[in-house]
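What follows is one structure encoded as structure tokens, with my remarks underneath.
The values are calculated or read from the model by the stated rules, or taken from the named source; none is laboratory data. Everything numeric in this text was worked out from a predicted model, so none of it was measured. Neighbour counts run over all protein chains shown; Cβ positions are idealised from the backbone, glycine included.
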Ligand SMILES: O=c1ccn([C@@H]2O[C@H](COP(=O)(O)OP(=O)(O)O[C@H]3O[C@H](CO)[C@@H](O)[C@H](O)[C@H]3O)[C@@H](O)[C@H]2O)c(=O)[nH]1
Ligand SMILES: [Mn+2]
């Protein structure tokens with residue numbers, strides 16, 4: 001019977017599972033051997049007492065670093081444990097009139113950093129989802145309260161009246177007009193009628209863009225931080241048109257607004273009164289729908305009666321349209337999602353990266369969402385997911401017949417209208433109140449519904465709490481990328497963004513919600529390990545700093561910190577280095593990438609750990625002790641031609657804040673100097689066995705960071721490292737080396 005056929009299939013890739021577990025076991029044994037070696041050596045050193053205090057301290061720091069990296073590596077193994085992949089059968093879904101409604105939430109905040117034409121492309125592509133139009137409601141949240149965005153949305157509405165019928169008629173998949181007209185568009189290319197219509201629509205689109213740009217040019221206010229709520233509803237006047245609603249929540253300088261999570265919660269309330277769909281698709285303003293099929297694909301999970309009672313959300317991957325083949329900054333975050341523009345297939349791809357600074361021990365393989373999918377489901381990634389209203393509002397759990405109004409208000413805030421909407425009985429016109437910051441919204445930090453405010457990575461945190469409550473999620477990575485976003489291909493922007501993410505993750509890591517404290521009684525231990533890995537990996541900055549300074553200082557003095565070549569434990573270090581790197585390379589290759597990808601990811605990990613992870617952790621700690629307030633500056637999505645050109649040609653653009661460039665250069669210079677002195681020592685004494693590993697560490701860092709060396713010494717273009725930064729870094733490296741030598745000599 002057709003009805004009884006499953007809507008989706010979940011398979012475990014057995015062969016990869018065997019390889020993974022074998023890798024984990026062997027690597028663990030090697031780590032145990034390392035710990036044994038370090039402990040016994042340390043005991044010996046302290047017993048004999050013939051080593052200086054600073055040396056012992058350095059030795060302990062190196063050992064502690066190795067332990068920390070091993071801990072993060074261990075957490076990482078949860079991802080490798082049971083990766084699964086999924087298939088869906090949308091053709092088995094019920095008839096259109098039986099499908100549940102969907103509300104689409106799109107957030108934007110700043111028409112300068114987030115150009116309106118781009119935002120409207122996301123809006124239009126969402127309106128063009130392959131779903132009954134009367135069951136689709138698109139909400140645009142404008143945190144900039146900008147007349148530019150509102151005007152652009154009106155234009156988008158007008159343009160959509162041509163565009164949507166065209167897409168429906170010819171089955172256009174690339175439903176973002178910008179992408180459709182700039183890349184070779186799909187559709188029924190051969191017919192004359194089609195070509196004529198396409199021409200006409202193209203003209204309409206050009207007019208639309210022109211008008212939107214004019215609005216910006218003529219605007220007197222671009223952004224407002226002090227305004228009442230503004231809501232405008234575009235009522236569908238054609239069968240193909242879904243509802244489109246503009247929402248700009250009230251903003252007052254004195255009220256905290258909780259960034260994107262606050263915006264999403266306002267949409268949750270406003271839509272609760274207007275359409276109240278049981279399913280919600282959340283999108284960032286730069287993530288357009290690249291395949292209208294995603295709604296039905298998601299429904300293959302949400303309507304599967306076996307998994308749906310506990311299914312909170314279906315997460316799709318973040319793919320990007322502006323990634324170069326030679327992705328020098330790892331802008332695609334390959335390790336999280338495996339972006340497979342090259343090799344889209346249903347075979348399981350292990351997207352892992354060995355995030356490591358010092359090659360010898362860590363191998364923190366990140367094989368992320370497939371791995372979590374095999375446990376309780378992937379984390380929430382903030383965009384490209386279909387979530388149920390019930391999971392966010394806990395309607396079934398908290399609204400009982402006998403729950404009194406007082407209790408309801410405690411849970412959902414004081415808005416009676418919203419509370420009524422939860423019962424799906426009453427609709428109201430008083431929606432503007434829902435977008436007011438003075439109503440329910442401000443107290444939401446205490447409320448247990450919606451997107452949670454506690455951390456600036458509201459996606460990670462909200463998903464974590466949902467999993468803690470027993471909800472599950474699903475990761476679905478179809479052949480055609482369902483959504484395409486604008487990745488940051490600007491080094492400075494990217495490092496700032498990563499610092500914000502780190503701050504958000506560390507906020508959780510050092511709170512009562514730490515996955516290793518809050519999680520174990522609420523979710524399977526493997527799921528806890530995945531969440532903990534994400535929360536704690538930024539602490540990798542500590543070992544990163546230690547291991548890119550201490551072995552080098554000792555190298556300069558000819559003091560060995562590692563076993564010499566003739567020592568059997570030497571092989572343990574060699575094994576750990578090779579095993580983690582070969583696994584990383586294998587995973588990059590099997591995902592259709594080249595060995596270059598491995599190099600880029602190594603480099604970016606080193607750079608991020610000594611900068612973003614360090615600053616982000618510092619920010620989180622300062623927030624915790626009340627010395628700093630959380631902030632969320634949206635990334636710049638406007639294209640800068642010069643930067644894009646450098647990125648596309650595979651050249652680093654070092655025009656980034658000094659706080660990122662200087663530590664990076666300092667460490668690279670320090671490693672160069674140490675290696676040179678080390679090499680001279682080796683030639684002089686002819687004894688390379690004892691300090692081989694230390695020399696190799698510096699050598700490896702220098703090779704991986706070659707673009708930085710090029711930026712300091714060889715490049716002449718505007719993307720090079722500025723002279724003052726190079727000078728300052730050289731001085732700092734000199735100071736560290738002299739202090740190190742002083743300490744070690746005496
Ligand atoms: O006060 C704010 C700040 C941001 N945004 C919107 O939030 C989205 C994400 O902002 P972006 O600057 O693109 O940040 P990213 O770091 O790229 O976002 C990633 O990380 C965030 C968590 O830090 C997640 O919420 C996002 O979904 C995820 O793509 C954008 O649509 C913004 O318009 C708001 O609506 N209000
Ligand atoms: Mn973004």
Checklist entry - Taking the stated definitions as given, is residue 646 out of contact with any helix residue (DSSP H, G or I) (no Cβ under 9 Å at 6 or more places or on another chain) and either outside the structural domain of residue 716 (by TED's automatic domain parsing) or crowded, with 20+ Cβ neighbours inside 10 Å (or both)? => result yes
Next on the checklist: With the structure loaded, tell me whether residue 583 is assigned to a helix (DSSP H, G or I) and at pLDDT 95 or above or whether it fails that test.
Outcome noted: no
Checklist outcome for this item: Considering segment 121-149, residues that are closer than 22 Å to residue 96 by Cα, part of a loop (DSSP other than H, G, I, E, B) and in contact with a strand residue (DSSP E or B) (Cβ under 9 Å, 6 or more places away or on another chain), and then whichever is farthest from ligand 1 (Cβ to nearest atom), we arrive at 131
Next on the checklist: Just the residues that are under 28 Å from residue 656 (Cβ atoms) and crowded, with 24+ Cβ neighbours inside 10 Å, please, taken from segment 573-592.
Outcome noted: 584, 588
Checklist outcome for this item: The helices (runs of 4 or more DSSP H) lying entirely within segment 470-569 that contain at least 1 residues which are under 14 Å from residue 457 (Cβ atoms) and in contact (Cβ under 8 Å) with a residue 60 or more places away in the chain are 491-509, 525-536
Checklist entry - Within segment 224-237, how many residues are over 17 Å from residue 266 (Cβ atoms) and surrounded by 12 or more Cβ atoms within 10 Å (Cβ to Cβ)? => result 2
Item to check | Selection from segment 82-112 of residues that are within 16 Å of ligand 2 (Cβ to nearest atom) and surrounded by fewer than 18 Cβ atoms within 10 Å (Cβ to Cβ) | outcome: 112
Checklist entry - Being free of Cβ contacts under 8 Å to residues at least 40 places away in the same chain and under 26 Å from residue 321 (Cβ atoms), is that true of even one residue in segment 578-593? => result yes
Item to check | Only one of 701, 682, 691 that is in contact with a helix residue (DSSP H, G or I) (Cβ under 9 Å, 6 or more places away or on another chain), within 21 Å of residue 599 (Cα to Cα) and buried (at least 18 other Cβ atoms within 10 Å of the Cβ) | outcome: 701
Checklist outcome for this item: Given (1) closer than 24 Å to residue 298 by Cβ; (2) at pLDDT 95 or above; (3) assigned to a helix (DSSP H, G or I), residue 168 misses just (2)
Next on the checklist: Quick check on residue 79: is it assigned to a helix (DSSP H, G or I), in contact (Cβ under 8 Å) with a residue 24 or more places away in the chain and surrounded by 15 or more Cβ atoms within 10 Å (Cβ to Cβ)?
Outcome noted: yes
Checklist entry - Can you name the number of the only condition in (1) outside any helix (DSSP H, G or I); (2) surrounded by fewer than 17 Cβ atoms within 10 Å (Cβ to Cβ); (3) out of contact with any strand residue (DSSP E or B) (no Cβ under 9 Å at 6 or more places or on another chain) that residue 199 fails? => result (1)
Checklist outcome for this item: Only one of 207, 233, 270 is under 26 Å from residue 393 (Cα atoms), in the same structural domain as residue 110 (by TED's automatic domain parsing) and either modelled with pLDDT of 95 or more or within 15 Å of ligand 1 (Cβ to nearest atom) (or both), namely 270
Next on the checklist: For segment 453-465: of the residues being buried (at least 24 other Cβ atoms within 10 Å of the Cβ) and more than 15 Å from ligand 2 (Cβ to nearest atom), which is farthest from residue 638 (Cα to Cα)?
Outcome noted: 464
Next on the checklist: I'd like the full set of residues that are touching a residue at least 40 places away in the same chain (Cβ under 8 Å) and either assigned to a loop (DSSP other than H, G, I, E, B) or buried (at least 23 other Cβ atoms within 10 Å of the Cβ) (or both), limited to segment 246-259.
Outcome noted: 247, 248, 249, 250, 252, 255, 256, 257, 258
Item to check | Qualifying positions in segment 604-636 - within 16 Å of ligand 2 (Cβ to nearest atom) and out of contact with any strand residue (DSSP E or B) (no Cβ under 9 Å at 6 or more places or on another chain) | outcome: 612, 631, 632, 633, 635, 636
Checklist entry - If you go through segment 484-505 one residue at a time, do you hit one that is more than 16 Å from ligand 2 (Cβ to nearest atom) and surrounded by fewer than 22 Cβ atoms within 10 Å (Cβ to Cβ)? => result no
Checklist entry - When both residues are 6+ apart or on different chains and their Cβ atoms are under 6 Å apart, which pairs have a first residue that lies in segment 18-44 and is assigned by TED's automatic domain parsing to the domain that holds residue 72, and a second that is modelled with pLDDT of 95 or more and surrounded by 12 or more Cβ atoms within 10 Å (Cβ to Cβ)? => result 30/572; 30/575; 30/576; 31/70; 33/572; 34/572; 37/569; 38/63
Next on the checklist: When you check residue 95 against the structure, is it modelled with pLDDT of 95 or more and within 30 Å of residue 244 (Cβ to Cβ), yes or no?
Outcome noted: yes
Checklist entry - For residue 295, all conditions in the list (1) buried (at least 24 other Cβ atoms within 10 Å of the Cβ); (2) within 10 Å of ligand 1 (Cβ to nearest atom) hold save one; what is the number of the exception? => result (2)
Checklist outcome for this item: Filtering segment 561-595 for residues that are under 23 Å from residue 549 (Cβ atoms) and under 20 Å from the mean Cα position of the chain (by Cα) leaves a count of 0
Checklist entry - Does residue 643 satisfy being under 30 Å from residue 119 (Cβ atoms) and part of a helix (DSSP H, G or I)? => result yes
Checklist outcome for this item: When segment 727-746 is checked residue by residue, the ones that are more than 15 Å from residue 553 (Cβ to Cβ) and crowded, with 19+ Cβ neighbours inside 10 Å are 729
Next on the checklist: Take residue 632 and tell me if it is assigned to a loop (DSSP other than H, G, I, E, B) and away from ligand 1 (no atom under 16 Å from the Cβ).
Outcome noted: no
Item to check | Test result for residue 225, touching a residue at least 12 places away in the same chain (Cβ under 8 Å), assigned by TED's automatic domain parsing to the domain that holds residue 171 and within 12 Å of ligand 1 (Cβ to nearest atom) | outcome: yes
Checklist entry - In this structure, is residue 687 more than 23 Å from residue 498 (Cα to Cα) and not in a loop (DSSP other than H, G, I, E, B)? => result no
Checklist entry - Restricting the search to segment 278-292, which residues are within 16 Å of ligand 2 (Cβ to nearest atom) and surrounded by fewer than 23 Cβ atoms within 10 Å (Cβ to Cβ)? => result 290
Checklist entry - Could you say which residue among 630, 733, 656, 638 is closer than 19 Å to residue 495 by Cα and in the same structural domain as residue 610 (by TED's automatic domain parsing)? => result 656
Checklist entry - Taking the condition more than 22 Å from the chain's Cα centre (by Cα), more than 16 Å from ligand 1 (Cβ to nearest atom) and within 23 Å of residue 652 (Cα to Cα), does residue 598 pass? => result no
